[in-house]
Amino acid sequence: MRTQVVIIGGGPSGLLLSQALSRQGIESVVLERRSRAHVLGRIRAGVLEHGSCALLRRAGVGARLEREGIRHDGTLIARGDRAVRIDLRDLTGHSVTVYGQTEVTRDLYAARDAAGGTVLHDVADVALHDLDGDAPSVTFRHEGRDRRAAGDFVVGCDGFHGPSRQAIPAAARREFERVYPFGWLGVLSETPPVDAELIYAGSDRGFALCSMRNANLSRYYVQCDLSDRPEAWTDDAFWDELRRRIPPAQAEALVIGPSIEKSIAPLRSFVCEPMRRGRLFLCGDAAHIVPPTGAKGLNLALSDVGLLQEALGRHFSVGDKEGIDRYSERALAAVWKAQRFSWWFTRLLHRFADETGFDRRLRAAEFAALCDGRAARAAMAESYVGLR
Ligand code: RFL
Ligand code: PHB
């Protein structure tokens, strides 16, 4: 099989890249390890920045997002019984949009189907070849046959555990990592959200987040131990713990119901540099991970795709190599900004097992700075909406 761009991974990065390239007349194939049902069954991100929405619209997948996405002009940050609203709109002129990653992925699949795009599912044994030469390729097993996809470029959109990053020789990449000693237990429930806006809450018992997907679908998280198993958390235990961590008024107003999904995600900060090797480019979680506290992971993945589709477009249309040569440097600049914010916000709201009294006082002072200072709120808001 011969194409222009071989894309490994059919999550949001891979699908959007394929869609954006096809709008420029560039052919690609997407190789995905799992079934479509599996990819669409994963409950992940929920908050889209303004720039992400614009990118999805430009790729022709903005119609349902426009209709069903919920615009949020602010978000609440709470500690104990004190809370501060970050008025995103007033402080930055921008809002964020609540629209689940699952829906973004569903829209992208529909668009690829409509355009006759090739997305192969259930592929196994993906291996990358000849990345340093002019004729890179990817071998894989699909429907019982060994196959090869050859292209001008290979793009690794295969998430943190995929093979693409590992195809860059260890001596040619640097990895920066921080693993957090806790995870997030997430619950999806068919109940009305406790508040019209998201609530990020820190407490002596640990972090909690109240989020949503629509008027009758809520998404809640509590910080948990890494050794916890989701099955061991009963719904009652989850709701009790959530109530203890959010402000009293919201704890009282919380409507509870059976969970329809329950899972634990570890928290990690990770960056691989560079994000290119010869004719291989990395996009999204394949190159970087942020803890979900800042809602940056999906947005960063989409921003990588925005840079790369433009660079590949210029390469194929006018032979301009500047974009592809500077892709890694440009993408990494955005990645480190998001790492800084996600780390700061995670530290502000989570309980660390080894923290000292000094750490706790510093955290309280940091929270007070947000409550008392418009400049501190503006800095938070600019990072949250994706301006810096
Ligand atoms: P994905 O979504 O992991 O997709 C990678 C795809 O590659 C496939 N794959 C392979 N395919 C072929 N061969 C192989 N050997 C392969 N190995 C893997 C996988 O099956 C998969 O389909 O990466 P991508 O596309 O870069 O997208 C990144 C986002 O998924 C991720 O950054 C976000 O979900 C992070 N995230 C959030 N981001 C936000 O911007 N806002 C949020 O509110 C937000 N909340 C979250 C989150 C992530 C969470 N978890 C579960 C870690 C909340 C949570 C709980
Ligand atoms: C979510 O709705 O899943 C969500 C929202 C905000 C975050 C993380 C996750 O920061």
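The values are calculated or read from the model by the stated rules, or taken from the named source; none is laboratory data. All figures in this text were calculated on a predicted structure; none of them were measured in a lab. All Cβ positions, glycine included, derive from the backbone under ideal geometry; neighbour counts span all protein chains shown. Accessible surface areas use protein heavy atoms only, side chains included; no ligands, DNA or RNA. Shrake-Rupley method; radii C 1.70, N 1.55, O 1.52, S 1.80 Å.
A compact table of results
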quantity: Residues located in region 245-263, provided they are within 16 Å of ligand 1 (Cβ to nearest atom) and either surrounded by fewer than 19 Cβ atoms within 10 Å (Cβ to Cβ) or outside any strand (DSSP E or B) (or both); calculated: Ile260, Glu261, Lys262, Ser263
quantity: Breaking point among (1) more than 19 Å from the chain's Cα centre (by Cα); (2) open to solvent by 10 Å² or more (accessible area, probe 1.4 Å), for Leu242; calculated: (2)
quantity: All strands (runs of 3 or more DSSP E) inside region 122-235 with 3 or more residues being under 30 Å from Leu312 (Cα atoms); calculated: 124-129, 137-142, 145-150, 153-156, 174-189
quantity: Qualifying residue in region 101-118 (condition: closer than 27 Å to Ile246 by Cβ, open to solvent by less than 30 Å² (accessible area, probe 1.4 Å) and in the same structural domain as Glu49 (by TED's automatic domain parsing)); calculated: yes
quantity: Selected residue (only one of Arg219, Arg165, Arg148 is under 20 Å from the mean Cα position of the chain (by Cα), within 30 Å of Pro274 (Cα to Cα) and touching a residue at least 60 places away in the same chain (Cβ under 8 Å)); calculated: Arg165
quantity: Within region 31-53, considering residues that are within 14 Å of the chain's Cα centre (by Cα) and assigned to a loop (DSSP other than H, G, I, E, B), the one nearest to ligand 2 (Cβ to nearest atom); calculated: Gly46
quantity: Of all residues in region 165-202 being within 18 Å of Arg229 (Cα to Cα) and in contact with a helix residue (DSSP H, G or I) (Cβ under 8 Å, 6 or more places away or on another chain), the one that is surrounded by the fewest Cβ atoms within 10 Å (Cβ to Cβ); calculated: Tyr180
quantity: Lone unmet requirement of (1) over 26 Å from Leu300 (Cβ atoms); (2) aromatic (Phe, Trp, Tyr); (3) more than 16 Å from ligand 1 (Cβ to nearest atom) for Phe238; calculated: (3)
quantity: Where Thr293 falls short, out of the listed (1) away from ligand 2 (no atom under 16 Å from the Cβ); (2) under 23 Å from Glu197 (Cα atoms); calculated: (1)
quantity: Any hit, region 147-160, residues being open to solvent by 40 Å² or more (accessible area, probe 1.4 Å) and of a type outside the set (D, E, K, R); calculated: no
quantity: Lone qualifier among Arg71, Arg57 - being more than 30 Å from Asp152 (Cα to Cα) and either touching a Ser or Thr at 6+ places or on another chain (Cβ under 7 Å) or not in a loop (DSSP other than H, G, I, E, B) (or both); calculated: Arg71
quantity: Unique residue being buried (at least 24 other Cβ atoms within 10 Å of the Cβ), in a helix (DSSP H, G or I) and outside the structural domain of Ser259 (by TED's automatic domain parsing) when the list is Leu21, Leu65; calculated: Leu21
quantity: Qualifying position, being assigned to a helix (DSSP H, G or I), modelled with pLDDT of 95 or more and surrounded by fewer than 22 Cβ atoms within 10 Å (Cβ to Cβ), among Leu308, Leu332, Leu298, Leu302; calculated: Leu332
quantity: Which numbered condition Ser203 fails, given (1) more than 16 Å from ligand 1 (Cβ to nearest atom); (2) over 18 Å from Thr293 (Cβ atoms); calculated: (2)
